[in-house]
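Take a look at the structure below.
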Amino acid sequence: MVNFLFAKHWQLFLLMIGISVIGDILTPLSVLTIISMGAFLAWLWAVAILLQSKVPQNVKMKTLKFKLFFFVPLIYVPWAFYSISNHSVHNDAKTGIDLFITPVVICLHLFTMFCVFYCMYFAAKTVRTIELQRKVVIDDFSTVFLMIWFFPIGIWILQPRINRNYAKFNALTSGKRWQSL
């Protein structure tokens, strides 16, 4: 996962967007789309968790909530893709179970969306905390959050900043790799 921290912006773009587009062209709800989503989540994990060692000592970031919310989409998205593809194959008339399950799935989907937004929020906060080396407020990292949210555009700006910070901390540690990574 450390590779995501020094990958080039075009490599991440091809990995996350290119694979997804190819998957969508080949067939909707493709395994390639799930792989693309997994790559995006892996990048979020790398940014939010692996960079924690570079957060200043006086700033405490609570990673437990991030870790819990991170695993919700990791479990829900493959399950949803499987359920949708399985349901479209066996498209029977509506039953009483469908009427019960639909609101549950909608609630799960909304909660998963919330979890993804929280993970993007936490990753953005981590990036700006490392850049500014102090506790940050929402005004400090709102643009980074938007770059993560609109990933196909934002990655071209954000990943070079992460690369520069990675190189800067490597230079500060006498050219050695980060000890905790």
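Here, each number is a calculation from the coordinates, and none is a lab measurement. All figures in this text were calculated on a predicted structure; none of them were measured in a lab. No Cβ is skipped: glycine too gets one built from the backbone with ideal geometry, and neighbour counts run over all protein chains shown.
Observations on the model:
- Residue-count net charge about Asn58 - beta-carbon cut-off 12 Å; Lys, Arg +1, Asp, Glu -1: +3
- Region 20-68 and region 113-150: distance between their alpha carbon centers, rounded to Å: 13 Å
- Summary value for region 1-88: 29 percent relative contact order, contacts being C-alpha pairs under 8 angstrom separated by 6+ residues.
- Trypsin sites (Lys or Arg not before Pro) lying in DSSP loop within region 1-62, provided at most 12 other Cβ fall within 10 Å: Lys8, Lys60, Lys62
- More than 19 Å apart - percent of Cα-Cα pairs taken over region 3-172: 61 percent
- Under the convention that each Lys and Arg Cβ holds +1 and each Asp and Glu Cβ holds -1, the size of the dipole of region 3-172 around its Cα centre is about 920 debye.
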